[in-house]
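Undergrad: Handing you a structure now.
The values are calculated or read from the model by the stated rules, or taken from the named source; none is laboratory data. These numbers come from a predicted model, not from an experiment. Positions of Cβ are generated from backbone atoms using ideal geometry, with glycine treated the same way; all protein chains shown enter the neighbour counts. Heavy atoms of the whole protein, side chains included, go into the accessibility calculation; ligands, DNA and RNA do not. Shrake-Rupley method; radii C 1.70, N 1.55, O 1.52, S 1.80 Å.
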Amino acid sequence: MKILKPQWVTHGGLSIYSVDIHPDGTRMATGGGDAKIKIWSMAPISLLEVEEDAGTPKLLCSIENAHFHSVNSVKWSKDGKYLASGSDDKLCMIWGLSNNNSLIKNTTENWVCVATLRGHASDISEVSWSPDNKYIATSSFDKTIIIWETNKFQMVSKLEEHKGFVKGLAWDPLGRYLASQSEDKSLIIWRTSDWVVETIVTEPFKHSGNSFFLRPSWTPDGQFIVATHGINNATHTGVLVSRTDWDIGLDLVGHRKAVVVSRCSPKIYKDFKSRDQKFCLILLGGQDSTLSLWSSSSPRSLMVTRSLFDQCIQDISWCSDGYSFVACSTDGTVGYISLDPEEVGGSLIGPEEKQIFFKNYYGDAVTVDKEGNLIYGTNGNLSSAANGGSHAILPENPDQLAMEESNANGVGSVGGTINQSGVGGENDPKNPNSTSTLQPTQLAMQNQKQTIMPGGKRRITPIFIGSSSQNITKPQPVAIPLHLQQLQHSSSSPLKPMEIESSSTTVTLASTTTGATSTTITPTKMTPMVPFGLNKLNGRLDSAVDGSNDRFSHPRIRDHQHKDSNNHHHKSSHHDKSDKDKSDRDDQSSSSRHNKRRTVEPEPTISITSSKKKKSSGGSSNKQQNDQIQQNTAQYINNNSNNVIISTVSAPGFSIPLPTLTNKISKKLIDQPIQTAALNNRLFPTMTPNTTTTPGIGGSIIIDVNITEQELQDNTVEYFSVIRYLSFETQLWENRIAGRITLITGNKNWCAATTLDSLLYIFNKNGTIIMSNIVPRNQLSFLESNRTNHLLAITCDGFVCVWNVLKKKVELSNRELPFLKNRDNLTIKHAMVTEESGKPIITFSNGDSFVYSSDVGEWVKITDRLGVLSEYNSNDTTNTGILSTLQNNNRINSIINSNTSNINNQQQQQQQQPSVSNLLSLSNSESQQQQQLSTSLFLEKQLWLAQVLESSLEYKHWLLIYTKYLTNCCNIVKLTDLCTDLLGPSSTLNLNGNNHHHNHTTGMSMENTNPFSNSLSTPWESTILGLSKRSLLKEILPIMAGNRTLQRMVGQFKESLNAFSKNVLIDPFDTLLNK
Amino acid sequence: MSHIRLTQVLIHNNPSSFNSPFIFDISFECVSPIKEDLEWKVIYVGSAANEKNDQVLDSILLGPVAVGQNQFVFEVDPPDANKIPKDDLLGVTVVFLICAYKGEDFIRVGYYVNNDYFEQELKDNPPETPDLSKIQRNVMDDKPVVTGFPIQWN
């Protein structure tokens, strides 16, 4: 046994109120009456040689100007990443280890404040982390306990039951309960699942007495709470309260004054003598300044220290090795005691034994992993804490259990995209940004702006370097010099030899979000619709690894600007370069060529001032050239300032540029799945331009148009267009029509062309006219087709028509484009028609997409800017449905918009839409509840949009996500709605007012408002987008079963589902007749 | 310390002659948004005995402050030697860098400053009237004393 009192651990002579050893055992924190938090290295305490070594720092960090009153409680989080401190100044602060250098030099570790928890109205007596690190509880003299979640440190719940100062807290190691002791002579046990009081124990505490704190603790097996301040026949005791029924068990008698703190060792031991017997160690500290050590296998205390301290003991902390501990006292000192296994009477148990041990007590409810740590609920699901264990929600029928099991197994199959951010999930540290390095004065002086205020004072605007770069990392065990490392014993000293310094330099990326190293931009021959960040990040990762550190260590501000200008030049030169490449390649392969730009002949221009010119400048025209127009759905923005708009109808506000006039048009029609190719383009722009991805086999059809002039006798010029239909270089047919063709489109069945004077022709694949001489209301700007039957035309004044070519009928006639703010500044980026039903989908240059639904009779907006506020958003790149493509484009576009505007700060006058980064920052500050609301709304919207777009796969996908989300939030109302809708009426035969209420009303709470009871209401449709609603219901029920609190509802629906499905097939009159 | 956290203070041109300006290169981090400007001032303690001899070398407003890391350079004039009692001119004194929000000081960084003659000869036999051009000023920037004060931030 070693007993040491390090004299140098001191808080200026003032009381030390709290001590806690870090889980890795190499450092400890103390909080004292001097309002400081000090972090010490353990090695000099436990090993004499290290103590004497002048080179090893003893005090790692002293957190000074943080709290303004005594620090009452310091606790490390269970994963060792954070330190929480509670003080008389009503604040609890969370500290993390930062890689940055401290303002005060010569501190070994720089602990910075990560969060400040404000909420209490009075002194905080104790802070305590939950065993799974999801929560932290603070108890205060304001009679309340506040529970905070550790993700964003938001308040979760306030527990107000105590009638007096709450003086101590302890979490159940199994995570189900929280115990708190108060000056009101009670010990309250709270249930963590719903924060309801489980029980109040008052019996043993019926006496008066006063101490600063009353700190209880739980035994590591969860079987007992060791409460303090007990009294039994006028003797002071520590009270054991057992878990089953909260009975008062044994008393630990011996202290001459009140027991103030009890701490159980975190380990379980097995007895030397009888190997099967397991025991725990309990330490009690009293106002009589004595410490007593108890073992649950022995009726008498193992050890009592009387003279270690002069005054009341305030806190004790076990080291994670289970054999040593530290105690602190009001007399301002700490004492360290280290024991041998023989003295303790047993050795630690291993993980397997621990598993068996827990299984004996708790069955399957508690599991232990390989290292002997308890495993807590998955997915941060609150309700999982309620599953199992005593006083928890029990499964009420075997179906529920079966569904839970299948749910647990099938979680993976539902998709890895689901549940990316569970409720209360552990948060990753903020993205490590660069460490702040020296900024030469000159740059700062140059760049900081200085003005003179009216009062004559100078006003400086600081330079913004970057977002918070706290760089919080998990602390490594404290390093000690090598020559001292050999002195470690495995049993008494917890240190491990470390080669890595605790404050190692880390390679980090530059913090600027824009600006990339110009040397390593991977050349994209695609459009700049490329996700900006994706591309640049690749580039910068390379350069960071390359070790071109001068880029980062040098004045970043200069680099920033420098890079930006580089970026610009590079970008534009890039385009030129790629154009050439492209056209070269085009020449080589016999695919279509886009020489439009090159062969434009200047037209005599008559510009009408009423026409509003598009803002698209040379920049966008560059874009065109890079487009891969190898698929017939990719559209390009046409820009030709030479063109003339002659409209017969006055432009109602929309003006879309007409196609440029050229003499040669060429378009390739291929049979390739549209969506994956387009998706590939947008998501993986770094792929080499896919001239090779278009298969040569199967349907390589090219339409060539040649325009010729002919001068007639009266000196007017007449145009003729020759259309050639080529397949694999052989011409299938040729047609010559009068007029100057401006647009062509088509698929393998037919093709369409429109001329300058607004005549529309449609030919079939053999060149025969299907429809012709169609004259839309105005000249056409867009002509698109899907792969089967539909043709879409958009006039230059913004009217959309869709025809079904097969039926030779109109699907949508002259529908004006929807309302858009700033329509002057927008162009149509993309227009297409859906496959099945020929719904037009228009995407604008700001990223918004609209689809016209004839059922609704209006345009439906597909993209939702504010979707970023929800926990899920459409950043779902594994989904390849049409809904996600469109929404992805929006996101990409808005990221680009925001990034380009970051670069071009000067041009950033009107940014009509808040950039994604702004919205994202908004989302970070939103409360959990607001997020929940946004999310469920968002998901519901997605379901509706999937319906409108008739994408059944995506509908199902979102339905599953929605269900899972609602299950997590326990939103019974919405889930009931959903299930009711999917379930439908009891019998699909009762459309005529015969309300057969077979099992209609079993337990369903909505009998009165049954939507299907009235036969005059619209009949329930049993399918949605081709999926049977009832089978969808069947699929989502197991998901809902994952939350046991919903089991009753799930059970009811399951019953009904079974019953109803049978009813559908059986004619009820059959059974009557057969009786 | 709650909304603003000082991460680094560099003092350029140190040591330098007595009459040269102080150049503070200050980096700080704004943890939560603040609406008003910060006020920074530098105070030179003329005489340890008497607060009246404290000279405010300069005071500026800093704003607007964005959330995240910020940096600026604060250059202030040297103290007026005439206002310093002769006896206290040489030797160790203190200079403070103080930041205030809404008129309340919330952080004060103090540095010891040592004023002494360059030349050994003058050190031994200091002249009656101190010769400012020959006095070297050395700020002990490796040992700042940081004091925080709780204030109302909103």
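Undergrad: How many angstrom lie between the Cα centre of the range A:67-89 and the Cα centre of the range A:166-215?
TA: 20
Undergrad: Highest mean first, what order results for A:187-193, A:855-861 on Cβ atoms within 10 Å?
TA: A:187-193, A:855-861
Undergrad: Moving on. Identify the chymotrypsin sites (Phe, Trp or Tyr not before Pro) of the range A:768-836 meeting these criteria: DSSP loop state and at most 15 other C-beta atoms within 10 Å of the C-beta.
TA: When the chymotrypsin sites (Phe, Trp or Tyr not before Pro) of the range A:768-836 are filtered for loop state and at most 15 Cβ neighbours within 10 Å, A:Phe819 remain.
Undergrad: What is the sum of charges, Lys and Arg at +1 and Asp and Glu at -1, for the other residues whose Cβ falls under 9 Å from the Cβ of A:Leu60?
TA: Counting the neighbours of A:Leu60, the net charge comes to +2.
Undergrad: With a 10 Å radius around each residue's Cβ, average the other Cβ atoms per peptide and rank A:658-664, A:151-157, highest first.
TA: A:658-664, A:151-157
Undergrad: I've got another one for you. Over the alpha carbons of the range B:61-140, what is the largest minus smallest coordinate on each principal axis, giving the biggest first in Å?
TA: 53, 22, 17 Å, listed from the longest principal axis down.
Undergrad: Taking the full set of protein chains and a 1.4 angstrom probe, give the accessible area of A:Ile316 in square angstrom, rounded to the nearest 10.
TA: Rounded to the nearest 10, the figure is 0 Å².
Undergrad: Using only atoms on other chains, find how many Cβ atoms lie within 10 Å of each Cβ of peptide B:33-41 and report the average.
TA: Neighbouring Cβ atoms belonging to other protein chains average 1 per residue here.
Undergrad: Which far-off residues, 5 or more places away or on another chain, put their amide H under 5 Å from the one on B:Asp58, with H placed in the peptide plane?
TA: So B:Asp58 has HN proximity to B:Val42.
Undergrad: Follow-up question, since we're still on this one. Accessible surface of B:Asp88 in the full protein assembly, 1.4 angstrom probe, to the nearest 10 Å²?
TA: Surface accessible to solvent at B:Asp88 totals approximately 60 Å².
Undergrad: Heavy-atom accessible area of A:Met832 with all protein chains present, probe 1.4 Å, nearest 10 Å²?
TA: Only protein atoms counted, so the area is about 30 Å².
Undergrad: Further, regarding this structure: Would you mind computing the Rg to Rh ratio of chain B from its alpha-carbon coordinates, Kirkwood style for Rh?
TA: Radius of gyration over Kirkwood radius for chain B works out to 1.02.
Undergrad: Just checking the output field for B:24-32: average partner chain Cβ neighbours within 10 Å of each residue's Cβ?
TA: Mean number of neighbouring Cβ atoms from other chains: 5.
Undergrad: Follow-up question, since we're still on this one. Just to confirm a number: summing +1 for Lys and Arg and -1 for Asp and Glu over residues other than B:Asp124 whose beta-carbon lies under 15 angstrom from that of B:Asp124, what do you get?
TA: Once all neighbours under 15 Å are counted, the net charge is -3.
Undergrad: Within the range B:3-41, list the GluC sites (Glu not before Pro) lying in a DSSP loop whose Cβ has at most 15 other Cβ atoms in a 10 Å radius.
TA: Counting only loop positions with at most 15 other Cβ atoms within 10 Å, the GluC sites (Glu not before Pro) in the range B:3-41 are B:Glu36.
Undergrad: Let me ask something else. How shielded is B:63-70 by partner chains, expressed as the average number of their Cβ atoms within 10 Å of its Cβ atoms?
TA: 6
Undergrad: All other residues with a Cβ under 10 Å from the Cβ of A:Cys312 taken together, and with Lys, Arg as +1 and Asp, Glu as -1, what is their net charge?
TA: For residues surrounding A:Cys312, the net value is -2.
Undergrad: While we're on this one: Restricting things to alpha carbons, tell me how big the range A:708-768 is in terms of Rg and Dmax, in Å.
TA: Both quantities, over Cα of the range A:708-768: 12.9, 41 Å.
Undergrad: Pull out a ≥ b ≥ c, the square roots of the eigenvalues of the alpha-carbon gyration tensor of the range A:197-348, then state rounded if a/c is under 1.5, prolate if not and a/b is larger than b/c, and oblate in the remaining case.
TA: Verdict is oblate for the range A:197-348.
Undergrad: For the range B:1-77, divide the Cα radius of gyration by the Kirkwood radius and give the resulting Rg/Rh value with two decimals.
TA: Rg divided by Rh gives 1.03.
Undergrad: Oh, and also: Amide H neighbours of A:Gly739 under 5 Å, counting only residues 5+ apart in sequence or on other chains, H built in-plane at 1.01 Å?
TA: Excluding prolines and chain starts, which carry no amide H, the hits are A:Tyr719, A:Phe720, A:Ser721.
Undergrad: How would you classify the range A:173-266 from its alpha-carbon gyration tensor, with a ≥ b ≥ c the square roots of the eigenvalues: rounded for a/c under 1.5, else prolate if a/b is greater than b/c, otherwise oblate?
TA: prolate
Undergrad: Which of A:Lys765/A:Lys941; B:Lys35/B:Lys143; A:Lys956/A:Lys1062 have a Cα-Cα distance over 29 Å?
TA: Over 29 Å apart, Cα to Cα: A:Lys765/A:Lys941; B:Lys35/B:Lys143.
Undergrad: Report the label-to-label distance for A:Leu937 and A:Val196 in nanometres (one decimal), using points 7 Å from each Cα along the Cα→Cβ vector.
TA: Going by the 7 Å Cα→Cβ label model, 3.2 nm.
Undergrad: Using mean Cβ contacts within 10 Å as the protection proxy, how do A:789-796, A:449-456, A:846-853, A:351-358 order, highest first?
TA: Answer by packing, highest mean first, reads A:789-796, A:846-853, A:351-358, A:449-456.
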